[in-house]
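A short worksheet on the structure shown next.
Read-outs throughout are calculated quantities, based only on the coordinates presented, and are distinct from any laboratory measurement. Note that this is a predicted model, so its numbers are computed, not measured. Glycine also receives a Cβ, built like all others from the backbone with ideal geometry; neighbour counts cover every protein chain displayed.
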C-alpha cells in the first residue's frame, strides 16, 4: 500500500475505536474508558493530519519546484504535540478519585478494551514497518501515536480488571506510561525540527555518496559535498573536479554520477553535481563576475561581467548592477560562456538549473583579484585589459 493508504486505515480504525469505547464507557460507567474514547478521537485527528500532509507533500508546481515534502515533517510535529497532550491526559487521570463501575456491564467493557488493545498494537507494528520501508516520517510518527492508544487501552484494561481483585494500581501505571509517551514525543519533535532546519544526512549516507562519486576515475577531487535530509527525502549538492578539458565529456560524467547516486540511494529526490575541469583549451570562453574591481562573492553581488576567450588578451565588459541571479545566468548563456568564475555558486535553484542545462561550469575561487583567479583557472598568466 502507499503512504496515504496507511494513513486512511489508521483514520478509519481510530474512528471505529472511538465509537465502541464511548459505547462501552457509557454502559459501564467507566470515566477512564470514556476518556480513552476521547483519546482515540484525538488519534483520528492525528491520522487525518497525517493523511493530508502525505497527500499534499507530493505536490510540485512552479512556486514549489521541490514539492511540499516538508509538510510530512510538519505533520509529524503536530502529532508529537498530540503525544504530549496524551501524556498530560493520562497524568490528569491519576489525579482523579476512584471510579464506580457498573459490574453487570464490566465484561463488555473489558472485551471492547481487549479488542482495541489488539487492534492498536497490530496497526502500530504494521504502520511503523511501512513507514520505514516508504521512508515516511509522518507514518512513523502516527505509528507511535497509535502505540500510545495501545498503552491507554492497557491502562483501562488494568483499571477495569483490578475491580475483580479489589485493588486499584491504575495511578502508578499511568505515571509510567505518561513518562514513556512524553519521552517519545520529545524525541520525535527534536528529530522533525532538525529535518525542518535541513539537518545533514547521517555519516554513513554521506560516505556512501562519496564512494559513488570517487568510483569514477575521471574525478580528481570532491571540493564540497552537502547532503540534507527532509520529508523522508535526500538532496545532494556536490562540487567536483574532473580530469578532462572536454566539456561534453565532463557533462556526461556528471550525469552518470547523478544517475548512479539516485539508483543506489532510493530516497534521493534531487542531485546537483557542479563540475570543474582541471584544465581548459584555447577555445574556452570565460566570464568573471566582479564587484568594485574584485571577484564577486556570489552571483547576487555581481555588478559587471568580464568575458574573454582563452588565449586572447582583450576582455569585453557587460554591466549588470542589481540584476537577479536568473537574469545573470541567462546572460551568460546568451554570451556563449563555458566557465564562469565567482566566489560561490548561485543560490537560486532556477539559476543553477539554467547553468547546468547549458553546460556552464561555475568555478568557485577564494581569490579577490580577477587576474589571479584567471590564472588559477587557466593555469597560465593572461593579461586582461
Provide, in order from the shortest bin, the percent of all Cα-Cα pairs of the stretch 285-378 in each 10 Å bin, continuing until the bin that contains the maximum pair distance. 18, 58, 24, 0
Would you mind telling me the antiparallel percentage of the DSSP bridges in the stretch 203-277, rounded to 5? 55 percent
Stretch residue 333-residue 105 to full length: gain in nm at 0.36 nm per residue minus the Cα-Cα span? 74.2 nm
Order by neighbour count: 334, 2, 260, fewest other Cβ atoms within 10 Å first, most last. 334, 2, 260
Ordered by fewest other Cβ atoms within 10 Å, a rough proxy for footprinting exposure, 353, 6, 363, 88 read 88, 353, 363, 6
Principal axis dimensions, the stretch 203-277 - Cα atoms, whole angstrom, descending: 38, 19, 16
What order do you get for 165, 108 when you list them from fewest to most C-beta neighbours inside 10 Å? 165, 108
FRET efficiency for residue 243 and residue 5 from the Cβ-Cβ distance with R0 = 56 Å, rounded to 0.05, comes out at 0.70
